[in-house]
Amino acid sequence: MDSKEVSEVPRREVRSFLMARDPSIDRRFRPRPNKKMRLFDNIQESEEESFSEYSDTESEYKYQSSEATEGASCATSAADSSNLETGPQVFLRLRPVKDASKAYIVSEEANVLITSCKVDSTSNNVNRMEKHFGFTSIFDSTVGQRDIYDACVGPKIMEEECVTIMTYGTSGSGKTYTLLGDDVRAGIIPRALENIFTIYQDTVFRSPKLKLINGSIVFLQDDASLKELQIRKKLLDLCPDISAHHQRLKQVIDGDHMFEPKASTDVSVLVWVSFVEIYNELVYDLLAIPPKQDKLGEVPRKNLKIVGNKGHVFIKGLTSVFVTSSEEALRLLRLGQQRSTYASTSVNANSSRSHCVFTVDILKYNRSGITTQSSYKFCDLAGSERVNNTGTSGLRLKEAKNINTSLMVLGRCLDAASTVQKKKNADIIPYRDSKLTMLLQAALLGKEKLAMIVTVTPLDKYYEENLNVLNFASIAKNIIFKEPVIKQHRVSYCGFMEFSKMSTCEGGDYTKELEDENVRLQLEIEQLKYDHVLQMQLLEEKLRRELTATYQEIIQNNKKQYEDECEKKLLIAQRESEFMLSSQRRRYEEQIEDLKDEIEELKNPASDTDISDDPNESKSPIEIIDDD
């Protein structure tokens, strides 16, 4: 082989971590399908079907396909508990409407929604293109708030795990109503708060000695604990009074549910709540103490930063408030609602223009020194909307753009989580592309359980928007995560001893009275300090006024003296000038008189003798004047 031929042979491509080969390039040009196919799904389905058949012959019960899947997962967990896998629960709620469309049909098992769209409306034969969407459960217009809570949230509260519950749907489809409810029918969040405080009513600790700071549980000293109580009191004073409203809701919830307390003497529970909103890709704290107003009379809002790494997420500088009852948590929820961003659109008169996340953190302290954390995130996602249908413009258009972008990134994250669940590579999930997905990355990466309630308005004019929502939900239904692990922390030895001493001492009411008295005295001290500073400011202002008046009087006296001196000097100067002028006038008048006499003498000539006898006869009149 010649050297030229050797040089023309292409060298084999060397692999590199910096310049890797494009995976889409096939150097051997092997045949492959144009469309990606998931070949292992059919194999898994066949295995589950065989398992269901075996279970039918064993127990003589008829299982549906979903129950067979649950049986397979249970068998897997019994064989190897470390590889237990679960997926997010996706529920569908149909909003009650007067003239519901016939394009939405619920199956008899209430877990499949069948949608159909007209293809040829001109012909007599109505052709429809059907699509089937599977859900964990479907709630029609007859299902109330109680049944939705019992199916979606109640079991997760009893499991005491970290759960993210989000509502997703089109604008005006009932997302906020599902979470909050109204004055008569309580939503998911009020029922969850009542459930939590009923379960831990005997173990709720009355002092904020433990707090979740930057993702880790920290023991608070007395001064820090007192500061937290002051923040709590200030925020509760800003909240509206909803005692009567809370009593009505409590009666309704107690009538719908039978929450039972959990008896435990070795555990102390501390409950913290926080509330944030994501508006135009900016994170705002809805429970922050309002700062002073600026010169224009507006209260500035501080944009917060989301910090996270591999599913561990926290918001830097977020206000977390210690609560001891469901009424306090509900008051803070109402305060955050008043501060959130709402606007009117053509679709919804009170449309939420931001994503809101209400978080309830439960810290349980055991006598052994180990604390466990349970977090419940309730996400009210803003509704997806089409600009052509809503007709928004200006600021509303910018808000809709950011809302749709964040929801699109959320859909991409769910799609990526469903496609890479077997590759054990979670880094390719693009949760950093949006503030919403950054905040929910723990649920997207399988660190927390995820439950989604999809709301749909079953009308023909919303068919395209509903189809996008259903496709989004179908992606989330296919995700499979490993069973999340309960977060455990261990406090320091000093904190453990102090906390144990406080939790074992008797007289909890007396301790609470002392803490309240301490807070009251501290507030009085702050008020006295404020009054003292105010008095000093008033005294300083009075002294400034007196000094100003004294110096003004001195300046006026000096000015008057100077004016008098100037007047005297001016009078003296005037007199001197008048005297000089008068003296000069008299001199010139005398000279003029002399000249007149000489002129008269020249006009009347005298005798020769008189002329010869005169010594100045040869001089002219001008020379005579000069001699004088």
Among (1) open to solvent by 20 Å² or more (accessible area, probe 1.4 Å); (2) among the hydroxyl-bearing types (Ser, Thr, Tyr); (3) closer than 16 Å to Thr371 by Cα, which single condition is Tyr279 missing? (3)
When you go through Arg339, Arg301, Arg367 one by one, which is the residue that is among the charged types (D, E, K, R) and under 24 Å from His245 (Cα atoms)? Arg339
Qualifying positions in the range 157-196 - open to solvent by 20 Å² or more (accessible area, probe 1.4 Å) and farther than 23 Å from Val456 by Cβ: Met158, Glu159, Glu160, Glu161, Asp183, Val184
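Per-residue answers, yes or no, for (1) open to solvent by less than 10 Å² (accessible area, probe 1.4 Å); (2) among the polar types (S, T, N, Q):
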{"position": "Arg339", "(1), (2)": "no, no"}
{"position": "Ser344", "(1), (2)": "no, yes"}
{"position": "Asn348", "(1), (2)": "no, yes"}
{"position": "Ser352", "(1), (2)": "no, yes"}
{"position": "Thr359", "(1), (2)": "no, yes"}
{"position": "Ile362", "(1), (2)": "yes, no"}
{"position": "Arg367", "(1), (2)": "no, no"}
{"position": "Ser375", "(1), (2)": "yes, yes"}
{"position": "Asn402", "(1), (2)": "no, yes"}
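Conditions (1) in contact with a Phe, Trp or Tyr (Cβ under 7 Å, 6 or more places away or on another chain); (2) part of a strand (DSSP E or B), marked per residue:
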site	(1), (2)
Glu328	no, no
Leu333	yes, no
Lys364	no, yes
Thr371	yes, yes
Tyr376	no, yes
Ala382	no, no
Asn402	no, no
Ser406	no, no
Gly411	yes, no
Identify the residue in the range 293-328 that is under 12 Å from Gly215 (Cα atoms) and surrounded by fewer than 11 Cβ atoms within 10 Å (Cβ to Cβ) and, among all such residues, is modelled with the highest pLDDT. Lys316
Please determine whether any residue of the range 224-242 is exposed (fewer than 14 other Cβ atoms within 10 Å of the Cβ) and under 23 Å from Thr198 (Cα atoms). yes
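The values are calculated or read from the model by the stated rules, or taken from the named source; none is laboratory data. Keep in mind that what you see is a predicted model, and the values were worked out from it rather than measured. Note that we place each Cβ from the backbone using ideal geometry, even for glycine, and neighbour counts take in every protein chain shown. Remember, those area values only see protein heavy atoms, side chains included, never the ligands or the DNA or RNA. Shrake-Rupley method; radii C 1.70, N 1.55, O 1.52, S 1.80 Å.
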